[in-house]
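Here's the structure, in structure tokens; my notes come after.
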Amino acid sequence: MPGNLIKLRFRLNEVETTLQCPPGTRLIDILRGHFGLEGAKEGCGVGECGSCLVLKDGQAVNACLIPAFTVADAEIVTVEGIRSLRSFAELRKGLPEEVFGGCGFCASGFLVALAGLFVGNPEAGEPEIREALSGVLCGCGNYPRVVDKALRRLSRRRKYGRKRD
Amino acid sequence: MAANETRVFRPKSLGGLLRLYARNPDAMLYAGGTEIIPHHQRGSGRHLALPEKVIYLGAVPDLARISRSQRFLDIGACLSVSRILSMGRNVLPPVLFASLSGIGTPSIRNLVTLGGNLCASQSRGDIRSALSVIDAQIELRSAAGTRWVGVAQLAPGVEGVDLSPGEVLTRVRVPLEEWDVHHFRKVPLEGLGSHGSLCFAAVAHFPKGALDALRLCFSAPSLPLFRSRTLESRLKSARLPIPAKQAEALVAELRVSLGPGREADRQSGYVRATAVRLARAFLAELNARSLEIR
Amino acid sequence: MQPFLADILTAEIKDLCFGHVLRSPIHRGRVRGLRLPPLPDGCFLVRGRDIPGKRTLSCGGFSHPVLGDPRVQYRGQPYALLGGPDRDVLADLAAAARVDWEEQAAEEAGDSRPGSAAPAVQYRRGDPDAAFRGAFQMVEAEYETERRRIHDPDLAGALVQVSEKSLTVYASTQDPFGLREAVAAVLKLPSRRVNVVATRLANPMEGKFLLSVLVAAHAAVLATICKKPVWLSEEPVDNHRYGFPGPGFRIRQQTALDREGNLVGARIEMELQAGAYPPAAESVLLPAVRASWGGYRVPNLEIKAATVCSSRVPTGSFRAAGRAQAFFAAELNSSRLEEIGEQDPYTWKARNLMRGDRSADPGSAGSPKAVLDAVVEMANFRRKHASFASLKKRRQSTLDPPYPLRGIGLAVAYQDRHDPGVFTTRPNRCAVKAVLDTDKRLHLYTSLVDHGPGVHALFVNRAARLLELDPAKVIVEDVDTQVVPDTGASTLSRALSVGLPLVEQCCQAIKMKRIKGLLPIEVRRSCRSPEPVAPEADGAVLSVPAEAAWAATVVEVEVDPGSLEIAMRGIWMALLCGRLEGLGDAEAYVVGEVIRAAGWASLAEHAPNASQSPLPGVPEPPAWAAGSLPRLARIPPVLVRFVEDPNPAPRGFEQLAHLSVPPAYAAAVSQATGLYVDRIPITPEVLQECLET
């Protein structure tokens, strides 16, 4: 391989994927630059704002902090996957995108944070929801609306997604 | 360093890791990356400015084990904080649970590892005070051998902990002791240009209303891990509730021990004053708790 | 809808060039020489002399050199540009650049620099000298507001595409036509040859003026030189370190009271800390002057205001720039007067507030007293205030029991209906166009970008109702200066007071023409742009406008006696701003504004501006932080109510949170701690400093 590229094999939105890239390529750049998946956004580049959240092996992580060499054999789900995959259909029913309002920049961060929470803990309560959302910054200050809608979803007590190991 | 000149090693065993690191002591050890990546960013769409050699620890099973005996909990250094927290409040000492819960955001806790946080720069080592008061021990291994150190011996500098060449922090041994009171406070220092926090951890044991053991520890960017056995022994065998005069005397001695801080450094002045107030509040809480237990 | 700028798929653009900004490492000085390694193929350098047209940008009364070449006035100022096909190569070249600087001493605020400051302004009403001579009591205090940043995930940036005859700029901007004019002037082109397409904007839109223009100008210069498409965007670290912050102010208030505690006179001195390049007086200073006395009845008044420069990043335009800072001082000052006069804040304000040029009529539905009454009831203010005051009296000293350390503060503020929020000298006339096509779809054309509680949704709903159309058949077209008319810079005020009436007029005209039956129908309606208040118009400056929007806010806090951390327990806000039907989710929008204003009042910058040295002994902080945006855990319950308004005309209300939340917060902290903190942000460290002094 030219230079010092690595060959990555991983699952992206439930599809087996292979990619060659330098080891220092960030996951956010792989997703946005290589695959054109612009749902995860770069707001800060240092893992503070939560705009770039994706699910890695079922857990919400900041894609701007993930170098390529840690992605091998991982299961990555982006907000596009959450919006389209059957495995997240129940979650979508409970959390339509209008929930998020505002300008929409942080919408994917909120949605992935909640997906990561409910996938691991379908019975998550108000404290867990608040905690999950605390990692996403909303420039519009739109938090109360998002928390409110997520809590209403909770009150309907549905199970979302598959349990992840 | 051009982006594609970085070589990444993925050892699959602890022995392999130690041998590899011995041959490449200039390599950067990479666990969760939350301390490393922000300082190696080059901008949107650009590759990270990683050093020539990186050893990725995420594939070494021995670094991600948890084992438990009656007296100890051994936690692998590469376990994520969220994974450790999932063990629950009933397993982890409460003071440790509290300190781990306060690290970063939920997504950061899915990446931050125990070893990474311990080795972090002075401004970020959130859990040192909690581990110190419960006398946790840290295992350091190299190809040459193994040693155990206390938290205080991991002396963090501005850039991070200074281990011997070839040494890797492999696990943390947490004593499972019973304490009557666990206390942890984390006070952010955002207003003074710091991402760090003032952390205060304390535990106390008072069988039959007499203080058998009291441990207090502070850490902050402008205050390297502070714990004074002399202070802690001042109240040994004191009957609870501690009389106000005795508590104030301890607080006054703490104030003197902390020192005045660096001149013209607003942060260190605030940290020291707040540490004293937090200690005072803890002693009041200790008294209240002792009355509850009776 | 246009995507966010960062989401434009640059990988699909052929021959794309990138830009890299070279920034000054010194505070002040001159570039004597610049050396770079040999430039690889496709890479090129741009200096000040390569700019074909105007070398200074202006936008909304703020101005800034396109490049600080040869002179720089603050650390981080752009002095040259690099262009090329590979960002990594450009970064390496920038790191290798060697500049021969003639360094000069940095300017502290207040140093004189000939021609640097905007002229001072002065206003007078009555005879303040006599009022002070005859006063029973005088109160004096100095208030300070720090320069502030916002969390802006959607960074300023531009993609510029060139053709033989024109240039298209895709930019995140609140003022597409202003950007077009500025870029055309820099390139020495007629405006019609520059086209601007406004991309989708993030956050509630604040400050996307000068910085957007600067970045776009840089990209446009690069594109003009290399004749290829150019992409240039701020990095988060650059925005954090060098992004233009909101203004800082120092305001001294002297108040004269008679024996009954009534206001008889006031002297106000204001100093705007503008950084390296001062804005025009109409942009920040004059709005601050107008707000400096807070809308109270003060028969004898003198106001002096001046701008000072220093070697710091220049201030930019932000939510209620100048007014927010002035209201902070005015309202906090009034809370001191209330305390000195041992009066309940509600009673004191109700007695002393003005409406238009009359006193507030008790019980009058359209008066500020209506919002006062509403918020006091919502928050149970009077009972809590009395209770916390009683607790405070029982404390021997500041942090002593009885606990909890709680306080509650009240503030009132107004926003002028015709305050465009941003001073601009263009356009003379604002216009909106509407076309009803043969499929009976209505197309609306305006330069007002969508933002806030759904400005475009408001236009759609109103048009649909007037023309009896399905809202799905009403489309607000993307903002493209080739296609839409100039409705002026986008603010909520302008959308409500200019855009909406013009949309309604277009619909009425279409309704009339529709009777004749022929489609398509195209109409265009325009109006004069709202005039900013002229500097000489004392009368206008020194009175509350008749059609103001009002808000009253209550903030309750609790202070931890150990750590001095300040937790907000609740924020209540009542607004009077006309009828807002069809405006999407106005309440959620105001809640968002309240949260951001609360952050400004209570959170400090995480890291010093790079134009200052790091604090001694404190490690260089990471390259980014949220600034004054609170995380979810810090956000208290926020309750907002729109009070019934006999005047239905919708007025802008986007500023009201920033005008009223900070002083209410400061008053609450003061009651909780017994400490008089006359600055924001108020953080635990600030309280510690107050304790020590």
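Quick note: the coordinates plus some simple rules give every number you see, no bench work behind them. Predicted, not measured: the structure shown is a model, and the values here were computed from it. Cβ placement follows ideal geometry from the backbone for every residue including glycine, while neighbour counts extend to all protein chains displayed.
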Any idea what Rg and Dmax come out to for chain C if you just take the C-alpha atoms, in Å? 26.0, 82
Modelled label reach - C:Arg579, point 7 Å along Cα→Cβ, the stretch C:633-660 residues with backbone N closer than 17 Å: C:642-652
Please compute the average number of Cβ atoms from other chains found within 10 Å of each residue's Cβ in peptide C:149-159. 3
How many nm separate the modelled label positions at B:Val149 and A:Asp57, each set 7 Å beyond the Cα in the direction of the Cβ? 2.8 nm
Dividing the convex hull volume of the Cα atoms of the protein assembly as shown by its residue count, what figure in Å³ per residue is obtained? 183 Å³
Can you compute the modelled spin-label distance between C:Ser543 and C:Arg528, with each label point 7 Å from Cα toward Cβ, in nm? 1.8 nm
Sequence-separation-based contact order of the stretch C:429-528, relative, with Cα cut under 8 Å and 6+ spacing, percent: 44 percent
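Taking the mean number of other Cβ atoms within 10 Å as a proxy for protection, how do you rank C:664-672, C:508-516 from highest to lowest?
C:664-672, C:508-516
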Long-range amide H contacts for B:Arg7: which residues qualify at under 5 Å (H placed 1.01 Å from N, peptide plane, sequence gap of 5 or more or a different chain)? B:Lys53, B:Val54
Residue by residue through the stretch C:389-400, what is 3J(HN,Hα) from phi via Karplus (6.51 cos²θ - 1.76 cosθ + 1.60, θ = phi - 60°)? Round to whole Hz and write x for glycine and proline. 5, 5, 4, 5, 5, 7, 7, 5, 9, 3, 9, 7
Estimated vicinal HN-Hα couplings, Hz - the stretch C:568-582 in sequence order (Karplus 6.51, -1.76, 1.60; Gly, Pro = x): 7, 8, x, 10, 10, 9, 10, 10, 10, 8, x, 9, 10, 4, x
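As an exercise, use a Förster radius of 41 Å and the Cβ-Cβ distance of C:Leu691 and B:Lys236 to find the FRET efficiency, rounded to the nearest 0.05. List each step's numbers first, then the result.
Values: r = 32 Å, r/R0 = 0.79.
The formula returns an efficiency of 0.80 here.
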Which value results when the Cα radius of gyration for the stretch B:3-175 is divided by 2.2 N^0.38 Å? 1.01
Could you tell me which residue out of B:Phe282, C:Leu492, B:Val133 lies farthest along the dipole of the protein assembly as shown toward its positive end? Charges go on the beta carbon: Lys and Arg +1, Asp and Glu -1, centred on the Cα centre. B:Val133
Is the shape of the stretch C:429-528 best called rounded, prolate or oblate, per the rule: a/c under 1.5 gives rounded, else a/b larger than b/c gives prolate, else oblate, with a ≥ b ≥ c the square roots of the Cα gyration tensor eigenvalues? prolate
The aspartates and glutamates whose Cα lies under 14 Å from the Cα of C:Lys14, excluding any fewer than 8 residues away in the same chain, are C:Asp86
For the stretch A:69-143, Rg(Cα) over 2.2 N^0.38 Å is 1.14
Could you name the lysines whose alpha carbon sits less than 28 Å from that of C:Lys304, not counting residues in the same chain fewer than 8 places away? C:Lys349
Lysine pairs meeting the criterion (Cα under 28 Å, 8 or more apart or interchain), as found in chain B: 6
Which part of the stretch C:125-157 falls in the paramagnetic zone of C:Asn262, meaning amide N under 17 Å from the point 7 Å along Cα-to-beta-carbon? C:126-128, C:130-138
At a threshold of 8 angstrom on Cα-Cα distance, excluding pairs fewer than six apart, so keeping six or more, what relative contact order does the stretch B:222-294 reach in percent? 41 percent
Using mean Cβ contacts within 10 Å as the protection proxy, how do A:19-30, C:183-194, B:46-57 order, highest first? A:19-30, B:46-57, C:183-194
Peptide C:588-598 - average C-beta neighbours from other chains (10 Å radius): 4
Note down the magnitude of the dipole of the protein assembly as shown about its Cα centre, charges +1 on Lys and Arg C-beta and -1 on Asp and Glu C-beta and zero elsewhere, to the nearest 20 debye. 1480 debye
Ordering of B:128-136, C:642-650, A:136-144, C:474-482 by burial proxy (mean other Cβ atoms within 10 Å per residue, highest first): A:136-144, B:128-136, C:474-482, C:642-650
log₁₀ of I(q)/I(0) at q = 0.11, 0.15, 0.20 Å⁻¹ - the stretch A:6-156, Debye sum with one point per alpha carbon: -0.39, -0.72, -1.23
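Given a Förster distance of 60 angstrom, what is the FRET efficiency for C:Arg30 paired with C:Met512, based on the Cβ-Cβ distance and rounded to 0.05?
Calculated value: 0.40.
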Out of residues 5 or more away from C:Val66 or on other chains, whose amide H comes under 5 Å of its own, with H placed 1.01 Å from N in the peptide plane? C:Thr56, C:Leu57
Table column - 3J(HN,Hα) (Hz), the stretch C:170-178, Karplus curve with 6.51, -1.76, 1.60, x for Gly and Pro: 9, 8, 8, 8, 8, 9, x, 6, x
Using a Förster radius of 22 Å, what is the FRET efficiency between C:Ala386 and C:Ala141 based on their Cβ-Cβ separation? Nearest 0.05, please. 0.35
Peptide-level mean, for C:230-237, of C-beta atoms on other protein chains within 10 Å: 4
For the protein assembly as shown, what does -39500 (n - 2.57) per DSSP helix run (n ≥ 4), summed and divided by total residues, give at 222 nm, in deg cm²/dmol to the nearest 500? -8500 deg cm²/dmol
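Given the pairs C:Lys369/C:Lys392; C:Lys473/C:Lys513; C:Lys433/C:Lys511, which are separated by over 21 angstrom at their Cα positions?
Exceeds cut-off: C:Lys369/C:Lys392.
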Once the in-chain neighbours fewer than 8 apart are removed, the lysines whose Cα is under 21 Å from A:Lys149 read A:Lys93, A:Lys159
State the Cα centre-to-centre distance between the stretch B:86-106 and the stretch C:22-51 in whole Å. 51 Å
For chain B, shape from the Cα gyration tensor axes a ≥ b ≥ c, cut at a/c of 1.5 then a/b versus b/c, turns out prolate
Under 8 Å for C-alpha pairs, at least 6 residues apart: give me the relative contact order for chain C, rounded to a whole percent. 16 percent
